[in-house]
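Computed from the coordinates by the stated procedures, all read-outs in this text should not be read as laboratory data. Computed from a predicted structure; not experimentally measured. Neighbour counts run over all protein chains shown; Cβ positions are idealised from the backbone, glycine included.
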There are 2 protein chains.
Amino acid sequence: MATPAPSNFTRIRRMPARGSYDRDVIYAILDAAPICHVGHVIDGRPVVIPTTHWRHGDRVYWHGSAASRMLEANAGGGEVCLTATLIDGWVLARSGFHHSVNYRSVMCFGVGQALRERDEKLEALTGFVERLFPGRWSQLRPPTEKELKATLVLWMPIEEASAKIRAAPPADDPEDTGWPVWAGVLPLALARGTPEPDAFVQPGQTPPEGW
Amino acid sequence: MATPAPSNFTRIRRMPARGSYDRDVIYAILDAAPICHVGHVIDGRPVVIPTTHWRHGDRVYWHGSAASRMLEANAGGGEVCLTATLIDGWVLARSGFHHSVNYRSVMCFGVGQALRERDEKLEALTGFVERLFPGRWSQLRPPTEKELKATLVLWMPIEEASAKIRAAPPADDPEDTGWPVWAGVLPLALARGTPEPDAFVQPGQTPPEGW
């Protein structure tokens, strides 16, 4: 499944061999990344904000407070660049120059749009919780109208987007492979720790499956 | 140790109780984060690029190819926003609204500057490798002049910067604490995997200490 032809912005210029415009690749990275970084232009300056995101179909969503800078930047239909990155390992070569990182990254360009309708917001926020913790939404105290009003849900279409992946051993120069130092990949992955129940958890209440 | 008074840009507007302008806090987060996301304004649009960074004193450094977009954006002294974020856990509350993330994040605003002098570059790149793998630089095949020329090292002073930290259990509304669902923190941390030597590693060559 291909996205439209890359624009001047999404065309991958550095290391094009690592790039992809395949929708399935882009979706898989967006779905695996716990957070993203959203860039805005505010008063002509770049502002990069970490936030949680989720995907539904060909849209990527993120959210914030209805009183945040993101709203200021997006209410007027501001351009954003949403970048989500997973670090998979340090790549240690035999020269400093070829040290690298194994990673998976997606950049999406577009205009952030706020969901205006109550029901749309509710549906999107349900998807946000369910993406991470299937089955949890229906167990929660339902949202109030006030909470829904106070929550800003933004989205943009995944159209002008690209993925970049490095998943390989070091790429030493052939004449360096005999250099007497260890080289290879030191894997990194986000790992789950032991759940920490809060002070009000009752016997029989258990953390989400898999934790 | 305090940074200068926050500017209009670094003043933390959302959840100011989570914010800090303390230099030691900012430095510790920059030093712990494996990568950062650097935002630029290119042709009026935001562009957010993941990259590795390192800190030396009151400067933060990052690097790239001398042929990259970052150079285009910075050679003219463009403004950047460098944001580094560590995810420490999912925060599960009893209402959707109070779900959150435990994290540590730093935003630095400034003008990216390229190192021009060969020796400055060499010193900075040494610091980059040594930060992650103490003692490794001297074991590597030394850099060539061509490699040094091809490497772009950028830096900016850590002046207009702020940290934001959430490290707490869920903040449920008092009337929700009896709601019958598990709540607490699901910890996340970047974990080290088993080193993967490449095809040319010889007996007796070992990965960096701690791996």
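Label position 7 Å from Cα toward Cβ: report the copy-to-copy distances for A:E123 in nm, one decimal, ordered from shortest.
Label-point distances to the other copies, shortest first: 6.0 nm.
For helix B:118-132, report the angle its Cα long axis makes with the longest principal axis of the Cα atoms of chain B; keep it between 0 and 90° and round to the nearest 10°.
On a 0 to 90 degree scale, this one is about 40.
Could you tally the net charge around A:Y103, taking each other residue with its Cβ under 10 Å from the Cβ of A:Y103, Lys/Arg +1 and Asp/Glu -1?
Net of charged neighbours comes to +3.
What are the label-to-label distances in nm, one decimal and shortest first, from B:D173 to the same spot in the other copies, with labels 7 Å along Cα to Cβ?
Ordered by distance, the counterparts are at 6.5 nm.
Report the local net charge at A:P169: Lys and Arg +1, Asp and Glu -1, summed over other residues whose C-beta lies under 15 Å from its C-beta.
Net charge around A:P169: -3.
Compute, for the protein assembly as shown, the length of the dipole vector about the Cα centre, with Cβ point charges of +1 (Lys, Arg) and -1 (Asp, Glu) only. Units Debye, rounded to 20.
In debye, rounded to 20, the protein assembly as shown gives about 360.
Per the helix-only calculation at 222 nm, which mean residue ellipticity applies to the protein assembly as shown, given -39500 (n - 2.57) for every DSSP H run of n ≥ 4 and division by its residues, nearest 500 deg cm²/dmol?
-5000 deg cm²/dmol
Per Stokes-Einstein, at 4 °C and 1.567 mPa s, what whole-number D in µm² s⁻¹ belongs to the protein assembly as shown, with the Kirkwood radius over Cα pairs as the hydrodynamic radius?
Answer from the Stokes-Einstein relation: 57 µm²/s.
If I model a spin label at B:R192 and A:Q113 as a point 7 Å from the Cα along the Cα→Cβ vector, what separation in nanometres do I get?
So the label points at B:R192 and A:Q113 sit 4.8 nm apart.
Which longest run of chain A has no exposed loop site in it, a site being GluC sites (Glu not before Pro) in a DSSP loop with at most 11 other beta carbons within 10 Å, and the site itself not part of the run?
The answer is A:1-116.
Counting only Cα, what are the radius of gyration and maximum Cα-Cα distance Dmax of segment A:16-169, in Å?
Calculated on Cα positions, Rg and Dmax stand at 17.3, 59 Å.
Taking 8 Å as the Cα distance limit and 6 or more residues as the minimum spacing, I'd like the relative contact order of chain A as a percentage. It would help to have the intermediate numbers written out before the result.
Numbers: 364 pairs, mean separation 56.0, N = 211.
Once normalised by length, the contact order is 27 percent.
At a Förster radius of 35 Å, what calculated FRET efficiency corresponds to the Cβ-Cβ distance of B:E159 and A:Q202, to the nearest 0.05?
The formula returns an efficiency of 0.10 here.
Take the alpha-carbon positions of segment A:131-186, form their convex hull, and give its projected area averaged over all directions (one quarter of the hull surface) in nm².
9.0 nm²
Find every distance from the label point of A:A150 to the corresponding label point in the other copies (7 Å from Cα along Cα→Cβ) and write them in nm, one decimal, shortest first.
5.4
Around A:R59, with a cut-off of 14 angstrom between Cβ atoms, what is the net charge of the other residues, counting Lys and Arg +1 and Asp and Glu -1?
Details: positive: A:R23, A:R55, A:K121, A:R131; negative: A:D31, A:D58, A:E120, A:E123, A:E159, A:E160.
The answer is -2.
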